[in-house]
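Everything below concerns the one structure shown next.
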Amino acid sequence: MPPVSMRLSLLCTEAGLPAPEDGADVTVYGVTADSRRVREGWLFIALRGMHTDARQYVRDALDRGAVAIVTERGDGCDTADHLAAGTAPILYVPDVRLAMAHLFDAWCGHPSRRLRLVGVTGTNGKTSVAAMLAHILEGAGVPCGVIGTVGARMTGVGELPSPVGMTTPDPEELYPLLARMADAHPVSSVPLTVIMEVTSHALALHKVAPLRFAVSVFTNLSPEHLDLHGSMDAYYAVKRRLFENSDVAVVNADCRWGRMLLAESLSVSHWHICHAACNDAPAPDRMCPSGIASCTRVYAEQIAYRGETGVSFKLTTPTARVRIKCPVPGEFTVMNALEASAAALALGVSPAAIRTALNAFGGVKGRMERVYPADHRTVFTASVFIDFAHTPDALENLLKTVHRIRSKGQRIVLVFGCGGDRDPSKRKVMARIASHMADSIIITSDNSRTEDPSTIISDILSGMDKESEFAVIPNRAEAIRFAIRHARADDIILLAGKGHETYEIDREGCHPFDERQIVQVAIRDYHSR
């Protein structure tokens, strides 16, 4: 865990930063980027954030006892004005976010040096791949930790505190969390394997810059977060950064962005190339690309989709072929399983152990998760699924999966919305997908944040096929109750967008909101009507 204190000069040296000459002998008792958390003797990192310039709070930090300031120069707020009294040394850095990651890493004793890190990045599938890989490792007797969308946990410890609603925690939470995992792992010759979901935001903001990954996984890339990145090329370039600091890469070669990654001249020592689009022996053009000295091909043969009972395929490598029968339905399950398997192979797990684990994998909370009635005697016969699909590609894949598993005559009833303060361009696209692939649609809210829900819904409606059967119910709880109340026998009701989340974010803040509870109460009311 972080030390009780450290000389500022040593902290800066460990973080690869020059120590301010007028504060080399200052003793630091804590580090924070939140002026409200500053205590006597702490170092305050003043960020120019997306919404707030924390340099305006330097005086507050000094009043609370800050002994040193780290920030960057720039327009808007002259930190030196706040330091006119010369009460604390100030270190100006070119990129304060990059410096922050290295400072927290150094303050926590470089915890990743005692861990074996696996990074999973991409638009969709990160959580499922991370969960599958953790299940495989634990089944093979390899202790591991997971940090991602659904929180943090560790073998033998269980759930660990982590920020709500943040896939890759900010450095102030991430590095202490890694330190806690490293400290909790028994002393042995085998380091704890920590699987991290790494978002494009985390890469763009340098959250993981100090980390070296033993294995990194590229799941796929489709339009998302373009409000931040501006274009798909820029989005890809940010994702690419993860593989610039990785020893082994696992890549989805069925995605054109994955193939682009393979074509890059990166300093990866070994590539695992995954294909899920072949039911026969792979074509010659699926061989290792020229320029890659060392690669292993991992692909699926004899793929079969078995409705709600899952998928089966032959996991094929240069040295083994094993039959996988994974009980999670969906086309995406095959690629997710391949990527998790390839990462496990890179970490030394046998194909037999991978087969055993995947055959018993129970799925991921909020990923094609079926909600069953609390009372099995209910007359309600529709099926209700909760899924995190909140991008066009994820929604389309979800609906494709349901088309595969539904019986003749079963309706697909889709309840969905789009997040506020996020890329608005996807709203129209998701509406088009819904119009073409669902039989009945209920448009609602989904974490509107600071936006007006009616504006978001208006954007969605601009893409709807006006001939489609749809209703608009802004209140999400009421939209779910409406879907249950008007369900026909054997309907498949999909609640898309929130998945594992048990909260709703609007202008008033973050409120408890568990779709599972809402569904079960609605079914109970359906039963008693």
Label point 7 Å beyond Cα of ARG37 along Cβ direction - residues of segment 1-16 with amide nitrogen under 15 Å:
2-3
Built amide H within the under 5 Å cut-off of ILE442, gap 5+:
LEU414, VAL415, PHE416, ALA471
Expected sort for 393-399, 364-370 on mean C-beta neighbours within 10 Å, highest first, is 393-399, 364-370
State whether segment 372-529 is rounded, prolate or oblate according to the following rule on the C-alpha gyration tensor (a ≥ b ≥ c being the square roots of its eigenvalues): a/c under 1.5 gives rounded; otherwise a/b larger than b/c gives prolate, and the remaining case gives oblate.
oblate
Once amide H atoms are built 1.01 Å from N in the peptide plane, which residues 5 or more positions from ALA68, or in another chain, come under 5 Å H to H?
PHE44
Tally Lys/Arg at +1 and Asp/Glu at -1 over every other residue whose Cβ is under 10 Å from the Cβ of ALA204; what's the total?
+4
Treating only Lys and Arg (+1) and Asp and Glu (-1) as charged, each at its beta carbon, one finds that segment 449-529 has a dipole about its Cα centre, in Debye to the nearest 20, of 340
Between segment 437-480 and segment 145-221, what is the C-alpha centre distance in whole Å?
35
If I take every Cα pair under 8 Å that is 6 or more residues apart in the chain, average their sequence separation and divide by the length, what percent do I get for the relative contact order?
10
On the accessible surface of the chain, probed at 1.4 Å, how many percent belong to carbon and sulfur atoms?
50
Total Lys pairs in the chain closer than 16 Å by alpha-carbon, pairs eight or more apart in sequence or interchain only?
8
Burial order of peptide ranges 154-160, 495-501 (average beta-carbon count within 10 Å, highest first)
495-501, 154-160
Using a/c under 1.5 as the rounded threshold, could you call the chain rounded, prolate or oblate? The axes a ≥ b ≥ c are square roots of the C-alpha gyration tensor eigenvalues, and prolate needs a/b larger than b/c, oblate otherwise.
oblate
How long is the gain from ASP439 to ASP53 if the chain were fully straight, where each residue apart is worth 0.36 nm and the alpha carbon distance is subtracted?
134.2 nm
Rank by packing, highest mean first: peptides 255-264, 403-412, 327-336, with packing defined as the count of other Cβ atoms within 10 Å averaged across residues.
327-336, 255-264, 403-412
Quick one: grab the alpha carbon gyration tensor of segment 108-164, order the square roots of its eigenvalues as a ≥ b ≥ c, and give me rounded if a/c is under 1.5, else prolate or oblate depending on whether a/b is larger than b/c.
rounded
For the THR27, HIS270 Cβ pair and Förster radius 41 Å, calculated FRET efficiency rounded to 0.05 is 0.35
Assuming R0 = 60 Å, can you tell me the calculated FRET efficiency for the pair ASP375 and GLN302, based on Cβ-Cβ distance, to the nearest 0.05?
0.90
Once both label points are put 7 Å beyond Cα along the C-beta direction, the GLU244-LEU228 separation in nm becomes 1.7
Interchain or sequence-distant (5+) residues whose placed amide H lies within less than 5 Å of the amide H of VAL217 are GLY119, VAL120, THR121, VAL250
Run the dipole for the chain about the Cα centre, Lys and Arg Cβ at +1, Asp and Glu Cβ at -1, nothing else charged, and hand back the magnitude in debye, nearest 20.
1880
Karplus-derived HN-Hα couplings along segment 30-46 (A = 6.51, B = -1.76, C = 1.60, θ = phi - 60°), whole Hz, x at Gly and Pro
x, 9, 7, 10, 10, 4, 6, 9, 4, 10, 4, x, 8, 8, 10, 9, 9
Dipole axis of the chain (+1 Lys, Arg; -1 Asp, Glu on Cβ), positive-most option in VAL519, THR317, SER162:
THR317
For the chain, what does the helix formula give at 222 nm: sum of -39500 (n - 2.57) over DSSP H segments with n ≥ 4, over the residue count, nearest 500 deg cm²/dmol?
-9500 deg cm²/dmol
Net charge of Cβ neighbours under 15 Å - reference ARG37; Lys, Arg +1; Asp, Glu -1:
-4
Would you mind working out the accessible area per residue for the chain, using a 1.4 Å probe, and quoting it in Å²?
42
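The values are calculated or read from the model by the stated rules, or taken from the named source; none is laboratory data. The shown structure was predicted, so the numbers you read here are calculated from the model rather than taken from an experiment. For neighbour counting, all protein chains shown are included, and Cβ atoms are generated from backbone atoms with ideal geometry for every residue, glycine included. Only protein heavy atoms, including side chains, enter the accessible area calculation; ligands, DNA and RNA are left aside. Shrake-Rupley method; radii C 1.70, N 1.55, O 1.52, S 1.80 Å.
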